[in-house]
1. Would you mind calculating the relative contact order of the stretch 2-257 from Cα pairs under 8 angstrom and at least 6 residues apart, reporting the percent as a whole number?
2. Count the DSSP beta bridges whose two residues both fall in the stretch 2-257, then state the antiparallel fraction as a percent rounded to the nearest 5.
3. Quick one: compute the contact order of the stretch 170-225, relative version, from alpha carbon pairs under 8 angstrom and 6+ residues apart, as a percent.
4. Per residue, how much accessible area does the stretch 2-257 show when a 1.4 Å probe rolls over the protein heavy atoms, in square angstrom?
5. Just reorder Y243, Y28, Y236 by solvent-accessible area, largest first, 1.4 Å probe, all chains present.
6. Counting only protein heavy atoms and a 1.4 Å probe, tell me what percentage of the chain's accessible area is made up of carbon and sulfur.
7. Quick check: the distance between the Cα centres of the stretch 237-258 and the stretch 53-97, to the nearest angstrom?
8. What figure, in Å² to the nearest 10, do you get for the accessible area of H22 with a 1.4 Å probe and non-protein molecules left out?
Amino acid sequence: MQKKIDYTTLLEKEMRHSLKTHNFVLHYQPQYDSTNQLVAAEALIRWYHPELGIIRPDDFIPIAEDSNLILPIGNWVLQEACEQLNLWQKNSKQQHIKLSINVSAKQIWQKDFVQDVKNIVTTANIDKSKLILEITESVLLGDINEVAQKLQELVDFGLSFSLDDFGTGYSSLGYLKNLPISELKIDQSFVRDLDTNKSDLLMVKSIIALGKNFGLSVVAEGVETQCHFNLLKDLYCDMYQGYYFNRPLPISEFDQLL
Ligand code: G
Ligand code: G
Ligand code: MN
């Protein structure tokens, strides 16, 4: 237990330092439509520590959330994503790409969340319709009306929201009714055994139907095989993301793909 506390304390201290020394980068995982066109990407943070090596988001994001360091990190991610969108928008072959970033519930609960996002996006001077904020059901642990109002303000401003890891949490349906979201991401756990597990197939089929009925775009995550892709296409899933296509890529490799 003491070792774990020491490690957490160390990571927290190093995170603070790395924010100043620019040791974080974004990787970009492509998203394809059913005709195999690369139409969007999800930005996923990576931490390259000079001594500790690569630290996975699963290992540091929870610590960042507990220590509130997720706030400066989240701002950095948004800023970085906007800069990237801005670069793509200068190039006619790249300006159609939409970019999703992950936003923690902790960020959304901040009093100044809406204004902070507006400031960063306005300064970056991007096409707002290309930026998508991914949220998870954990925002529901806060005041749902307040959260809904904040999201609506940003939708009015021109941004859109995607519901990540859909199907794994609770109250998923109430969420759809109350929050102004335009996209659902089917959690990887339902896609993994799509070809062998009948109930996973039924689950995915139902999620896609649900999404369609609500007028949402549906993205499948964790698409790892041709068989996954074919099954999802047969169900009229809108977009596809996963190792079958690409891993999250450094920007140079992503731009090469484009
Ligand atoms: O990327 P994988 O790439 O290992 O990411 C693991 C987890 O970390 C995912 O659940 C993902 O949503 C989360 N994550 C990745 N990048 C970010 C980020 O920039 N901000 C937040 N809040 N979570 C992120
Ligand atoms: O929670 P979120 O959906 O943001 O997390 C995306 C996570 O899924 C990242 O850690 C990313 O690296 C990982 N990922 C992306 N594609 C695949 C895939 O095809 N299979 C698996 N197992 N993980 C994937
Ligand atoms: Mn995500």
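The values are calculated or read from the model by the stated rules, or taken from the named source; none is laboratory data. Please read these numbers as outputs of a predicted model, since none were measured by experiment. Don't worry about glycine lacking a Cβ; one is built from the backbone with ideal geometry, like all the others, and counts go over all protein chains shown. Note: areas computed on protein heavy atoms with side chains; ligands, DNA, RNA excluded. Shrake-Rupley method; radii C 1.70, N 1.55, O 1.52, S 1.80 Å.
1. Working: 408 pairs, mean separation 46.7, N = 256.
Once divided by the residue count of the stretch 2-257, the mean separation gives 18 percent.
2. Numbers: 15 of 35 bridges.
Restricted to the stretch 2-257, the bridges split so that about 45 percent are antiparallel.
3. On the way: 55 pairs, mean separation 26.0, N = 56.
Once normalised by length, the contact order is 46 percent.
4. On the way: 12730 Å² over 256 residues.
That works out to 50 Å² per residue.
5. On the way: Y243 120, Y28 5, Y236 160 Å².
Correct descending sequence by accessible area is Y236, Y243, Y28.
6. Numbers: 6570 of 12970 Å².
Carbon-and-sulfur percentage of accessible area, whole number: 51.
7. After rounding, the separation between the Cα centres reads 16 Å.
8. Counting only protein heavy atoms, H22 exposes about 140 Å² to solvent.
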